[in-house]
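Take a look at the structure below.
The values are calculated or read from the model by the stated rules, or taken from the named source; none is laboratory data. This is a predicted model, so every value here is computed, not measured. Every residue, glycine as well, gets a Cβ built from its backbone with ideal geometry; the counts of neighbours run over all protein chains shown. Keep in mind that these areas ignore ligands, DNA and RNA; they rest on the heavy atoms of the full protein, side chains included. Shrake-Rupley method; radii C 1.70, N 1.55, O 1.52, S 1.80 Å.
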Amino acid sequence: MIFSRLGIDTEEVLKASGTKWNFLPFRPGLVGGHCIGIDPYYLTHKAQELGYNPEIIQASRRLNDGMGEYVVAQALKLMLKKRIHISDAKVLILGLAFKENCPDLRNTRIVDIVEELQEFGANVDIYDPWVDKDEAMTEYDLELLDSPDDNTYDCILVAVAHDEFKEMGADKIHQLGNDNHVLYDIKYLLDSSKVDGRL
């Protein structure tokens, strides 16, 4: 969020930091699943029972829980710059699983993006070749596409770094958009020169 305000590409900072021998390349994004998404709440609850207030854990959870809203705000700003109406816009989200190359939907934060976009009146389609359609409907009441159509979308969000999306590449993903669309890459799957914005 800070780098975005400064106009600095996060991946460039990570690449520079990677020249240090012991650097771990943690990337910003949506934190789903159980380990980081849920378990810290158990720890904070226990700590508070013992009279300790774990402020850093609570602050990090608040920040992570708000990332879906932040991503949507960034994508909508880019749409407005291109004079794309948000209400009734067709938005494609590539990925629903909580991590790449995995069908696991537990606590996926992609649903936060879907809900936020729908609040703005956007029509949201989701494509995830890894996720079971019945499970997506049962767990989140979300219908998944068999495959997205070309020349259709006002905004495309690359939300999960599945190998299938990497193989598609920027050009094929852009083909899914209409003549005037936004491509926002949450996962740094595509080169920064090929997208309108990224986290």
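Give me the distance between the Cα centres of the stretch 63-138 and the stretch 150-178, rounded to whole Å.
13 Å
Using a 1.4 Å probe and counting only protein heavy atoms, arrange 162, 85 so the residue with the most accessible area comes first. It would help to have the intermediate numbers written out before the result.
Values: 162 0, 85 150 Å².
If we order 162, 85 from most to least accessible, we get 85, 162.
How large, in percent, is the carbon and sulfur part of the accessible surface of the stretch 76-143 at a probe radius of 1.4 Å? Show your work: numbers first, answer last.
Details: 1650 of 3750 Å².
Whole-percent figure for carbon plus sulfur exposure: 44.
Treating cross-link reach as a plain straight distance, find the lysines whose alpha-carbon is under 22 Å from the alpha-carbon of residue 15, omitting any fewer than eight places away in the same chain.
99, 166, 187, 194
Could you list the residues of the stretch 134-158 with an amide nitrogen less than 17 Å from a label point located 7 Å from the Cα of residue 171 in the Cα-to-C-beta direction?
Of the residues in the stretch 134-158, 150-151 have backbone N under 17 Å from the label point off residue 171.
Sort largest first and round to whole Å: the equivalent ellipsoid semi-axes of the stretch 94-196, each the square root of five times a Cα gyration tensor eigenvalue. Each step should come with its number before you reach the end.
Values: eigenvalues 86, 50, 31 Å².
Values for the stretch 94-196, descending: 21, 16, 12 Å.
What number comes out for accessible area per residue over the stretch 9-144 if the probe is 1.4 Å? Units Å², please. Intermediate values should be presented prior to the final figure.
Values: 8220 Å² over 136 residues.
Averaged over the residues of the stretch 9-144, the accessible area is 60 Å².
Between residue 182 and residues 5 or more places away or on another chain, which pairs have amide H atoms under 5 Å apart, with H built 1.01 Å from N, and which residues are they?
155, 156
Let me know the charge dipole size of the stretch 27-186 about its Cα centre in debye, to the nearest 20, where only the beta-carbon of Lys, Arg (+1) and Asp, Glu (-1) is charged. Don't skip to the end; give the middle numbers.
Details: 15 positive and 30 negative charges, 169 e Å.
The calculation lands at about 820 debye.
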